[in-house]
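Asks: My questions will all concern the structure given below.
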Amino acid sequence: MRIVTGAEMAEIDRRTIEEIGIPAEALMESAGYRVALATWELLGLPVPPAPWTAPPGRSARSQPRVVVVCGRGNNGGDGFVAARYLAEWGARVRVYTVGESRSRAGGDNRGDARRPSDVAARQLEILRNLGMEVPAVTAADLSKVKLNLAMADVVVDALLGTGFRGEPEGLTAALIDAINEAGAPVVAVDIPSGVNSAGGPVVRAVRADVTVSFGLPKLGTILYPGAAYCGRLQVVDIGFPRRIAEEGADLWLLTARDVREWLPARPADSHKGTYGHLLVVAGSPGMTGAGQLTVRGAHRAGAGLVTWAVPPGLQASLAPAVPEALTVPWPEDGSDGTPALENWLEGLTARGVNCAVVGPGLGQHGSTALFVRALLSRLEVPTVVDADGLNILAAWEGAEQIRRGDGVAPWILTPHPGEMARLSGRSKEAILAAPVEVARTVAARYRAVVVLKGARTVIAAPDGRAWINATGNPILATGGTGDVLAGAIGALLAQGCAPWQAAAAGVYLHGVAADRAAAELGHAGALTREIADRLPLARLAVLEETEDIPVRHRLNR
């Protein structure tokens, strides 16, 4: 599923109207109808709707009350259409509208290319022709609006659309506060008012229970902090042609359907060699658990063979901890690229190693850093670089140059924001404000796939394509889960996935495993290995689904 900014959605909207000839009125009618359906569902009433009737023993006064707060742009026009349907179905609807809203940054509330003076105003005229009062709110009316909001069963937020940017001001800001303070469930039209469709900080915004997104999800509703204001995100079809909606796409929301297509088959006549041989270079005195979790993640994600390379002197104590894995010590005196390292790598190649994970729990002291640099310079198989491997890479002058030649082995870099700050030279705040842009920049710089970990993990390929993952939950906010992820991605590389597929599928399955763990154990207190142990169930869940997990059940629960 493609993800867009408000500007990209405006272009899709314009082309649909001007090139295809679908009237703006038809798009608005469909959008408002879908908002009305979501509102009816939130009221707990049957969908598709039948005209409301009073339950036995209750008077008509108990009919549902809905307040619709509209801007003058097309977002407001969608609200007018929703109000008409809700009134026809029997709700007691009050509609308020405000004048054109401006932000400190100069944005407006249009949200698309449809002219509000013609399209939204026509919908307002229809409401008034039906006898509905739609007062234009001023500051003097705010207390009356607040009173009606307090009595509402549901509020529909149609104030600001996807064209908004900056900070709401004046009456618009006051109405946003009033909606939030009313305490009624809120349905947001396309995007909660005050959230920037392109992402970034949120100063003041409506906190919705349901956001009905038209055509495609908007970037600002997928990434945090905007995602926290959306409630349950429903992406609905209102008539945009698929050809236009998908043309030029370079950013997608990961779905189970995607991952199902990428996962390699497990034929009945297979053997351990069928599923690859992963080398894990991880661990050091005091941090051996990182290597164990990486190996565990690799096995649970389906690798055929795993060899764990450990610092000299630790092999005897660590081998019993991972009976499923082979263990080998690092080469003696191999840190500076001497023949010892070359011979060591030749031996691993002869054993069939076809990919690697380098970094978890290694530490960054001098000899280790030299070893990792020499190793990364010589590995000729796809390699996941994680944790201390990334920190060593960030401090390595000239690392980018070894990635410039033809035929370099693919890398997958898996930083969290702190590691990304060291790799990119940007602050954590700048990274969190524009994670897709930063991930793409670093991916191009190192000619690598980048997995920027977070509440919404971003996967970026060096050619500019990017994906955002929405699986997972706060149970992943514990030490070692990144090691499990690195092992899972390495296992998918071993099984033959392309680097970008291995990265994206690994992130998705890792999140599903966390969702399963949270369903059983809650969002706190799970052991990291318990998440790893649910990777096979996560894979099974993805493969056995007959159709994709609905987006509204995946996002912002």
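Taken together, the values in this text are just the output of simple stated rules run on the coordinates, not laboratory data. Keep in mind it's a predicted model, so treat the numbers as computed, not measured. When we count neighbours, we look across all protein chains shown, and the Cβ atoms used for this are built from the backbone with ideal geometry, even at glycine.
Asks: Quick one: length gained pulling A350 to A444 fully straight, 0.36 nm per residue minus the C-alpha distance? Walk me through the numbers before you get to the answer.
Replies: Details: separation 94, 0.36 × 94 = 33.84 nm, distance 3.21 nm.
Residue separation times 0.36 nm, minus the Cα-Cα distance, leaves 30.6 nm.
Asks: Between A498 and E181, what FRET efficiency comes out of the Förster formula 1/(1 + (r/R0)^6) with R0 = 60 Å and r the beta carbon distance, rounded to 0.05? Mind showing how you got there, number by number?
Replies: Details: r = 50 Å, r/R0 = 0.84.
Taking R0 as 60 Å, the efficiency between E181 and A498 is 0.75.
Asks: Let me ask something additional. Per DSSP H run of n ≥ 4, the term is -39500 (n - 2.57); total these for the chain, divide by its residue number, and report the mean residue ellipticity at 222 nm rounded to 500 deg cm²/dmol. Mind dumping the intermediate values first?
Replies: Working: 22 runs with 225 residues, N = 557.
One gets -12000 deg cm²/dmol as the mean residue ellipticity at 222 nm.
Asks: Select from W40, A150, P241 the residue farthest towards the positive end of the dipole of the range 6-249; place +1 on Cβ of Lys and Arg, -1 on Cβ of Asp and Glu, and compute about the Cα centre.
Replies: Looking along the dipole axis, the top candidate is A150.
Asks: Label M287 and A409 with points 7 Å out from Cα along Cα→Cβ: what is the distance between them in nm?
Replies: So the label points at M287 and A409 sit 2.1 nm apart.
Asks: Right, another one. Multiply the residue gap between E342 and E429 by 0.36 nm, knock off their C-alpha separation, and tell me the result in nm, one decimal place.
Replies: Working: separation 87, 0.36 × 87 = 31.32 nm, distance 4.16 nm.
Roughly 27.2 nm would be gained on extension.
Asks: Taking the square root of 5 times each eigenvalue of the Cα gyration tensor, what semi-axes in Å does the equivalent ellipsoid of the range 221-333 have, largest first?
Replies: On the way: eigenvalues 361, 86, 31 Å².
Semi-axes from the Cα gyration tensor: 42, 21, 12 Å.
Asks: Right, next: Tilt of helix 499-521 relative to the longest C-alpha principal axis of the chain, in degrees (0 to 90, nearest 10)?
Replies: 70 degrees
Asks: To continue, here is another question. Taking each pair of different alpha-carbon atoms in the chain once, compute 1/r for the pair, average those values, and report the inverse of that mean as the Kirkwood hydrodynamic radius in Å to one decimal.
Replies: That comes to 25.4 Å for the chain.
Asks: Run the reach check for K453 against aspartates and glutamates, Cα to Cα strictly under 18 Å, same-chain hits fewer than 8 apart removed. What comes back?
Replies: D386, D388, E419, E429, E437, D483, D515
Asks: Tilt of helix 142-151 relative to the longest C-alpha principal axis of the chain, in degrees (0 to 90, nearest 10)?
Replies: 70 degrees
Asks: Can you list residues whose amide H is under 5 Å from V186's amide H, if they're 5+ apart or on another chain and H is modeled 1.01 Å from N?
Replies: It is V155, D209, V210, by chain and number.
Asks: Among 405-414, 311-320, how do they line up from the highest to the lowest mean number of other beta-carbon atoms within 10 Å? If you can, show how the numbers build up before the last one.
Replies: Numbers: 405-414: 17.1, 311-320: 13.7.
Ranking the peptides 405-414, 311-320 by packing returns 405-414, 311-320.
Asks: Would you list R296, R128, R426 from fewest to most Cβ contacts within 10 Å?
Replies: Working: R296 26, R128 12, R426 19.
With the sparsest Cβ surroundings first, the list reads R128, R426, R296.
Asks: Quick check on the chain: of the DSSP beta bridges with both residues there, what percent are antiparallel, nearest 5%? Can you show the working numbers first?
Replies: Numbers: 7 of 55 bridges.
Percent antiparallel among DSSP bridges in the chain is about 15.
Asks: What list of ³J(HN,Hα) couplings, whole Hz, do you get for the range 49-54 from phi and the Karplus terms 6.51, -1.76, 1.60, once you set θ to phi - 60° and write x for glycine and proline?
Replies: Rounded to whole hertz, the list is x, 10, x, 5, 10, 5.
Asks: Taking the Cβ of each residue in M151, M28, M1 as the centre, tally the other Cβ atoms inside 10 Å and list the residues starting with the fewest.
Replies: Numbers: M151 12, M28 24, M1 18.
Placing the least packed residue first, the sequence is M151, M1, M28.
Asks: So, one more: Once the Cα atoms of helix 339-350 and of the chain are each reduced to a long axis, what angle between those two axes, in degrees from 0 to 90 to the nearest 10, is obtained?
Replies: Roughly 70 degrees, rounded to the nearest 10.
Asks: Continuing with this model, one more query. Working out 0.36 nm times the residue gap between E25 and S62, then minus their Cα-Cα distance, what length gain in nm do you get to one decimal? Intermediate results must be reported in sequence, preceding the final value.
Replies: Details: separation 37, 0.36 × 37 = 13.32 nm, distance 3.33 nm.
Length gained between E25 and S62: 10.0 nm.
Asks: Measuring from label point to label point, each 7 Å out along Cα→Cβ, what is the T274 to A319 span in nm?
Replies: Going by the 7 Å Cα→Cβ label model, 3.0 nm.
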